[in-house]
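The values are calculated or read from the model by the stated rules, or taken from the named source; none is laboratory data. A quick note: this is a predicted structure, and the numbers were derived from the prediction, not measured. Don't worry about glycine lacking a Cβ; one is built from the backbone with ideal geometry, like all the others, and counts go over all protein chains shown.
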Amino acid sequence: MKLNVEQRKIVELEPTGHMSVKGVAGSGKTSVAIRRLAFLQEHYCFEPDDKILLVTYNKTLLNFIQHQFKQLEEEAEYTSFLREHEADITITTIDKLMFHYFKKRSARLNVTLKPLTNRRQLLKILNQAIFEMKDGFQDVSILSPKYQNFLHDEIQWMKACDINDVEVYQDIDRISRATGSKGMPQKLTKNSDTRAAIFSLKNHYDTLMVDHGFVDFPSLNLMALREVEEHQPEHFTHIIIDESQDLTKVQLMFISRVQNDKPHHSIMFVADNTQSIYNLSWLGKGRPYTTIGYDMSGRSRTLSKNYRTTTEISKAAYGLIEHDEAIMGNVDFVKPALIDRHGHAPIYRYFKNHTTHLAFLKDEINQLMGDYHYKDICIVAKEKRFLEDIEQYLSAEGVPVHQLKVQTPDFDKDAVKCLTMHSIKGLEFKVVILVDLDEGVIPNFKYTDIGDEETVKTEERKLFYVGMTRANDLLYMTSVKQPSALLKEINLEHLRMYRDQKVRPYRTIQMMNYRLTDQVADLNSKEEKVRQWIINELIGRYNYPELLLELEYPVQQFSKQGYVDVAVNIHHNGVEKPYIFIETKALGSGIQEGLNQLKSYLGTNSDVKYGVVTDGLELVVIDPRGEKVSDIPSCQPQFYPEKENHYVYHNFRQDKYYDVLENKEDEELMNIVDQVTLLTLKEPLIKVPIVGDVAAGLPISAIEYYSDTCRLPASFLIRSSETFALTVKGDSMINAGIDPGDTVIVHRQATAETGDIVIAVIDDEATMKRYNSMGSQVILQSENHAYEPILMDSADVLINGKVIGVLKGK
């Protein structure tokens with residue numbers, strides 16, 4: 001667990017009472033909590049009775065925290081011999097901690113109550129209470145089994161908030177209690193017979209629960225709270241609450257009761273309200289800390305950088321929540337800041353049936369084995385029933401897979417993990433596959449019986465967001481039959497159909513936006529919908545202009561005339577020739593027939609280099625031999641009928657721009673023209689080696705080996721022997737006129753001045769940033785407001801060169 005500067009500052013803060021740490025998913029909140037635990041034990045537990053508590057909500061996360069802390073202890077085991085006092089450390093869940101005091105309370109009251117979690121049994125007892133009470137509230141229509149789910153949730157909420165007085169309930173505001181449908185009143189009116197009836201129902205329901213020998217968890221928590229309020233509990237000097245946004249008010253009050261008041265005591269709330277996925281949570285609904293007795297003015301720290309996921313995954317996940325007013329308007333919302341770490345865009349696949357879905361999972365996991373271990377992959381579903389079917393199928397197909405057990409998880413077992421969205425919270429995996437993102441599954445309105453759809457949507461959107469942000473490198477998302485409406489909220493620009501392809505998932509193109517309609521016989525055909533989609537992808541993703549596309553391209557198969565759905569033409573030696581043949585089929589109709597047809601068409605024309613077949617749900621690219629190719633080739637400048645390739649060179653040393661005109665037939669013929677004077681430079685051209693891309697990592701020795709070059713005038717360079725070029729990957733320098741795909745010219749040097757654009761090597765990986773020196777530290781600044789600056793110690797940064805120019809369009 002290597003921490004950055006801002007994380008380490010939080011870990012090493014002197015304890016001064018209460019504080020909060022707000023952070024986005026992947027910002028290292030849990031790592032900070034674990035390190036803080038060790039720091040407090042080492043430096044601020046100097047009295048024999050000092051104790052530390054780290055409490056969390058999620059059981060799976062608890063085991064992960066214990067696993068990580070054990071490793072941390074093993075790394076620093078030798079220091080324990082130097083401590084005068086070894087502080088007791090308790091790492092537990094809030095449920096387990098409160099259950100301990102519930103048992104004490106039960107023994108003190110001499111009662112035996114069994115915790116009941118089965119919703120069906122709970123509703124059965126609730127309906128009994130409704131039946132026995134309805135005669136006393138005949139004018140209250142809400143007191144009916146028809147509204148059992150609402151009534152149950154309302155009773156749970158009252159107990160989770162420790163509302164035990166009818167006058168308090170009559171006057172309290174209800175957050176996110178939208179009503180007004182299915183014959184319900186517009187809202188739960190204050191000081192009304194309706195509220196009086198619900199409160200009386202709560203009391204009678206609790207009585208029936210005790211009569212049956214049961215207790216639900218909100219009542220269990222209340223008994224634990226009463227125990228620590230009335231009797232001396234075990235006290236802790238330092239308390240860290242991970243996932244504090246998920247705890248109820250009663251749980252938070254309980255924790256405050258087990259805190260001692262020593263001068264060096266501390267309590268730290270670690271939270272991300274965007275990941276608040278439980279409807280009884282208190283702080284997660286945007287309530288201030290003052291409601292539980294803490295004023296956080298000047299006591300909050302923020303972690304806004306997501307180090308877990310790539311920029312591509314972060315953008316897609318943020319797109320899911322950015323239009324939700326309830327999330328964005330939360331007082332503790334933290335907007336994620338992008339870091340310069342790029343990878344594959346999230347992959348989305350839709351399937352018409354479960355059979356093809358399961359087959360895809362098996363095939364994709366097997367393909368991933370070239371780059372990952374089984375244990376690096378986690379399949380995540382909203383509900384456990386989907387995981388059971390997948391686990392059974394994959395096991396039968398020879399893929400090692402198991403559902404991670406909450407009580408005894410085995411993180412190191414080399415098998416594909418299966419977890420629900422709730423259980424994966426707080427964990428991370430290199431590859432995450434979110435499955436069965438279907439309508440009726442997420443969001444699920446099954447228990448939403450009073451028109452509270454928007455509230456449920458927000459909670460489910462958060463849950464979806466949690467699942468997306470668990471992925472380090474790769475994120476897959478799948479739907480079967482009917483996709484979730486939440487998927488439509490993610491910008492398609494951020495999604496792909498396949499890992500190594502640029503093509504975006506299928507979407508319907510409106511007929512008014514159809515292209516090349518003068519070549520279309522039937523605008524209303526099902527096949528035309530798919531053809532217009534792939535035409536849109538060819539233009540939008542692969543940069544082919546309409547002038548190179550031709551529909552119904554004729555091919556001759558012996559005596560039979562055939563027509564290719566789409567032909568992509570290119571110009572070569574002044575002649576227009578077909579380059580790619582594309583066959584399209586109706587959406588979801590399958591591609592096998594089209595693939596056979598495509599192979600026969602490829603055999604009729606030796607100029608065609610690639611074939612594509614798609615039905616909108618699958619897309620296969622092949623070469624003339626029928627072998628699969630990873631992706632459709634992008635359009636190149638030489639495909640146009642023009643005679644010259646046109647590039648632009650920006651000379652940073654003189655801040656001048658030049659047009660670079662390269663003859664397509666002979667690259668040795670090149671003219672470089674000053675854009676201001678329009679004069680052509682007359683001087684020898686020097687070959688500069690292109691040694692790779694700037695985001696891939698650049699050892700110093702790498703410039704001795706290269707496979708491509710660009711040519712520039714000697715006057716553009718400082719010393720040709722110390723010059724190399726890199727292809728730009730990523731968009732962190734776009735405001736400096738350096739775009740993805742550009743070629744930057746670099747002078748190799750080990751020093752830099754403030755304001756220089758440099759190639760900096762950090763942990764053996766190269767990044768391009770603007771350099772700023774601050775004493776013993778440096779700031780590596782992006783030229784894109786979406787990225788945060790990087791603050792590093794000078795000793796940790798190796799300068800590999802200074803950017804002296806950029807060649808655009810190469």
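Observations on the structure shown:
- Condition check for VAL758 on (1) of a type in the set (Val, Ile, Thr); (2) assigned to a loop (DSSP other than H, G, I, E, B); (3) free of Cβ contacts under 8 Å to residues at least 60 places away in the same chain: one failure, at (2).
- Qualifying position, being over 19 Å from ASP211 (Cβ atoms) and either not assigned by TED's automatic domain parsing to the domain that holds SER256 or not aliphatic (A, V, I, L, M) (or both), among LYS124, LYS114, LYS96: LYS96
- Elements of type helices (runs of 4 or more DSSP H) in segment 1-107, at least 2 residues being modelled with pLDDT of 75 or more and of a type in the set (Gly, Ala, Ser): 29-43
- Scan segment 208-220 for residues that are in contact (Cβ under 8 Å) with a residue 60 or more places away in the chain and part of a helix (DSSP H, G or I) and the total you get is 7.
- Members of segment 510-553 found to be among the aliphatic types (A, V, I, L, M) and free of Cβ contacts under 8 Å to residues at least 60 places away in the same chain, listed by number: MET511, MET512, LEU516, VAL520, ALA521, LEU523, ILE535, ILE539, LEU547, LEU549, LEU551
- Being at pLDDT 90 or above and basic (Lys, Arg) holds for only one residue in LYS425, LYS446, LYS488, LYS405, and it is LYS488.
- Unique residue being within 14 Å of the chain's Cα centre (by Cα) and either part of a loop (DSSP other than H, G, I, E, B) or under 15 Å from THR309 (Cα atoms) (or both) when the list is ASP473, ASP500: ASP473
This table checks each residue for (1) within 21 Å of TYR318 (Cβ to Cβ); (2) outside any helix (DSSP H, G or I); (3) among the charged types (D, E, K, R).
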position: GLY467; (1), (2), (3): yes, no, no
position: MET477; (1), (2), (3): yes, yes, no
position: TYR506; (1), (2), (3): no, yes, no
position: MET512; (1), (2), (3): no, no, no
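- Restricting segment 296-309 to residues that are in contact (Cβ under 8 Å) with a residue 12 or more places away in the chain and not polar (S, T, N, Q), the residue that is nearest to TYR476 (Cα to Cα): ARG308
For every residue, the table says whether it meets (1) closer than 30 Å to MET670 by Cα; (2) out of contact with any Ser or Thr (no Cβ under 9 Å at 6 or more places or on another chain); (3) touching a residue at least 24 places away in the same chain (Cβ under 8 Å).
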| position | (1), (2), (3) |
| --- | --- |
| ASP615 | no, no, yes |
| ARG625 | no, yes, no |
| VAL629 | no, yes, no |
| TYR649 | yes, yes, yes |
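- Matching option when the condition is touching a Phe, Trp or Tyr at 6+ places or on another chain (Cβ under 7 Å) and either at pLDDT below 85 or over 29 Å from ASP162 (Cα atoms) (or both), among ILE313, ILE277, ILE321: ILE321
- A single member of ILE377, ILE390, ILE433 is out of contact with any Ser or Thr (no Cβ under 9 Å at 6 or more places or on another chain) and within 23 Å of ASP500 (Cα to Cα), and it is ILE377.
- Residue list for segment 228-287, filter: of a type in the set (Lys, Arg) and either assigned to a strand (DSSP E or B) or under 30 Å from GLY329 (Cβ atoms) (or both): LYS249, LYS285, ARG287
- Tally, over segment 533-576, of residues that are of a type in the set (Ser, Thr, Tyr), in a strand (DSSP E or B) and surrounded by fewer than 14 Cβ atoms within 10 Å (Cβ to Cβ): 1
- Qualifying residue in segment 577-593 (condition: assigned to a helix (DSSP H, G or I), touching a residue at least 40 places away in the same chain (Cβ under 8 Å) and more than 30 Å from LYS643 (Cα to Cα)): no
- If only residues of segment 343-359 that are part of a loop (DSSP other than H, G, I, E, B) and more than 13 Å from the chain's Cα centre (by Cα) are counted, the one that is surrounded by the fewest Cβ atoms within 10 Å (Cβ to Cβ) is ASN353.
- Restricting ILE539, ILE534, ILE442, ILE509 to those that are among the hydrophobic types (A, V, I, L, M, F, W, C) and under 30 Å from LEU394 (Cα atoms) reduces the list to ILE442.
- In segment 115-156, the residues that are under 39 Å from the mean Cα position of the chain (by Cα) and not in a helix (DSSP H, G or I): PRO115, LEU116, THR117, ASN118
Let's see how each residue does on (1) assigned to a loop (DSSP other than H, G, I, E, B); (2) exposed (fewer than 15 other Cβ atoms within 10 Å of the Cβ); (3) of a type in the set (Ser, Thr, Tyr):
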site	(1), (2), (3)
GLU388	no, yes, no
GLN392	no, yes, no
LYS417	no, no, no
HIS422	yes, no, no
VAL431	no, no, no
GLY440	yes, yes, no
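- Among residues of segment 306-342 being of a type in the set (A, V, I, L, M) and closer than 16 Å to ARG461 by Cβ, the one that is farthest from the chain's Cα centre (by Cα) is ALA326.
- Note on segment 363-400: residues that are within 23 Å of the chain's Cα centre (by Cα) and of a type outside the set (S, T, N, Q) amount to 21.
- Residue within segment 235-254 that is acidic (Asp, Glu), within 30 Å of HIS342 (Cβ to Cβ), surrounded by 17 or more Cβ atoms within 10 Å (Cβ to Cβ) and in the same structural domain as LEU13 (by TED's automatic domain parsing) present: yes
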